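Below you'll find the structure, written out as structure tokens, and then a few comments.
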Amino acid sequence: MRWLVTGAAGMLGTDLVTTLRARDVDVTALARDELDITDHDAVHAAVAGHDVVVNCAAWANVDAAEEQEPAAFAVNATGPHALARSAALHGSRLVHVSTDYVFDGSATSPYPEDGPMAPRSAYGRTKAAGEWAVLAADPRHLVVRTAWLYGAHGGCFPKTIARVAQERGGLDVVADQVGQPTWTVDLAELVVAMVEAQVPGGVYHGTSAGEASWHAFAQAVVAAAGLDPEIVRPTTSAEFVRPAPRPAYSVLGHERLRAAGVATIGDWAGRWEAAAPAVLG
């Protein structure tokens with residue numbers, strides 16, 4: 001089985017390629033400068049000869065998308081549509097990575113996979129459009145929503161928090177946004193497990209179990225860096241206004257994975273403990 005990974009130089013793409021190669025899988029890794037997923041002809045040529053395509057490419061600058069929504073739409077919706085159509089034409093299966101931002105963040109219990117999408121940001125709208133485009137091209141394709149990703153190969157929340165804590169000796173982090181910190185290595189392994197299990201097409205959630213606020217996660221990060229977690233002070237979202245609204249509640253349910261017989265990712269705290277040495281270096 002031959003795999004193609006787009007966005008292969010990013011945080012998730014790097015860990016996915018590493019995971020596949022550790023299993024001796026034949027994988028083509030294409031970074032952003034090697035494949036523009038909005039170029040339909042280039043996409044069609046790249047997909048040829050591959051059995052599985054995983055799209056890790058995305059416009060991920062949430063705030064910039066507010067001012068540049070057409071550009072974000074091209075990467076987050078038009079690009080995935082090109083990949084999905086090409087995969088369908090070549091008889092390949094696409095795994096498209098999406099986000100919690102397709103929801104409005106007003107829930108108080110985990111969002112089910114079939115919950116109504118109601119994005120509040122340009123980024124969320126473009127990612128929701130990408131989901132629709134992928135599944136409209138071929139219902140066998142997979143959409144895997146994730147959230148609060150961190151990893152060793154790129155900038156991420158834990159690295160920033162550890163650096164700021166060491167430099168300043170204290171920091172304020174919002175305590176009124178709740179989600180599921182998720183290690184890119186765990187998500188990479190989950191994607192491989194889903195493909196190997198030949199799960200039915202549709203939407204799945206790929207996040208850690210449990211839930212935490214950004215404040216609680218920051219305290220865990222600071223503790224892993226050998227500092228006193230009490231130097232992380234709680235604050236509110238009102239004190240950190242950003243161009244794009246952030247979901248207050250980003251906890252995703254995992255019922256479809258369980259129904260498909262695929263093991264879900266463990267609790268975020270235990271997974272962070274396992275990930276911290278690699279992520280913080």
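The values are calculated or read from the model by the stated rules, or taken from the named source; none is laboratory data. All values reported here derive from a predicted model rather than from experimental measurement. Neighbour counts are summed over all protein chains in view; Cβ atoms, including those assigned to glycine, are modelled from backbone coordinates with ideal geometry.
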Q.
Any residue at all in region 22-33 that's on the phi > 0 side of the Ramachandran plot and surrounded by fewer than 24 Cβ atoms within 10 Å (Cβ to Cβ)?
A. yes
Q) Only one of (1) assigned to a helix (DSSP H, G or I); (2) over 15 Å from H141 (Cα atoms); (3) of a type in the set (K, R) fails for R85. Which number is that? A) (2)
Q. For the subset of region 156-176 comprising residues that are touching a residue at least 12 places away in the same chain (Cβ under 8 Å) and more than 17 Å from W272 (Cβ to Cβ), which member is surrounded by the most Cβ atoms within 10 Å (Cβ to Cβ)?
A. V174
Q: Say whether the condition of being outside any helix (DSSP H, G or I), out of contact with any helix residue (DSSP H, G or I) (no Cβ under 7 Å at 6 or more places or on another chain) and of a type in the set (F, W, Y) is met by at least one residue in region 232-240.
A: yes
Q | Residue identified as farther than 29 Å from A118 by Cβ and assigned to a loop (DSSP other than H, G, I, E, B) among A263, A223, A274, A278 | A | A263
**Q.** Residue count, region 3-32 (criterion: part of a helix (DSSP H, G or I) and over 20 Å from A87 (Cβ atoms))
**A.** 7
Q.
Looking only at region 40-87, filter to residues that are touching a strand residue (DSSP E or B) at 6+ places or on another chain (Cβ under 8 Å) and of a type in the set (V, I, T); which one of those is surrounded by the most Cβ atoms within 10 Å (Cβ to Cβ)?
A. V54
Q) Somewhere in region 140-162, is a residue assigned to a helix (DSSP H, G or I), out of contact with any Pro (no Cβ under 9 Å at 6 or more places or on another chain) and among the aliphatic types (A, V, I, L, M)? A) yes
Q: Those residues that are surrounded by fewer than 15 Cβ atoms within 10 Å (Cβ to Cβ) and in a helix (DSSP H, G or I), I need them from region 188-201; list them, please.
A: E196
Q. Is it the case that some residue within region 208-222 is touching a Phe, Trp or Tyr at 6+ places or on another chain (Cβ under 8 Å), closer than 30 Å to V25 by Cα and buried (at least 21 other Cβ atoms within 10 Å of the Cβ)?
A. yes
**Q.** Near pairs, Cβ below 6 angstrom, 6+ apart or cross-chain, from region 126-137 (closer than 21 Å to D63 by Cβ) to any residue that is of a type in the set (G, A, S)
**A.** T126/A72; T126/A77; K127/S98; A129/A77; G130/A77
Q: Look through V241, V164, V192 and report the one residue that is of a type in the set (A, V, I, L, M) and modelled with pLDDT under 95.
A: V241
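Each row is one residue, and each column tells you yes or no for (1) of a type outside the set (G, A, S); (2) at pLDDT below 95; (3) in a loop (DSSP other than H, G, I, E, B).
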{"residue": "V53", "(1), (2), (3)": "yes, no, no"}
{"residue": "A72", "(1), (2), (3)": "no, no, no"}
{"residue": "H81", "(1), (2), (3)": "yes, no, no"}
{"residue": "T108", "(1), (2), (3)": "yes, no, yes"}
{"residue": "A118", "(1), (2), (3)": "no, no, yes"}
Q. Given the conditions (1) touching a helix residue (DSSP H, G or I) at 6+ places or on another chain (Cβ under 6 Å); (2) under 28 Å from A128 (Cα atoms); (3) assigned to a loop (DSSP other than H, G, I, E, B), which single one is not true for P245?
A. (1)
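If you go through region 202-219 one residue at a time, do you hit one that is at pLDDT below 95, outside any loop (DSSP other than H, G, I, E, B) and closer than 24 Å to A64 by Cβ?
no
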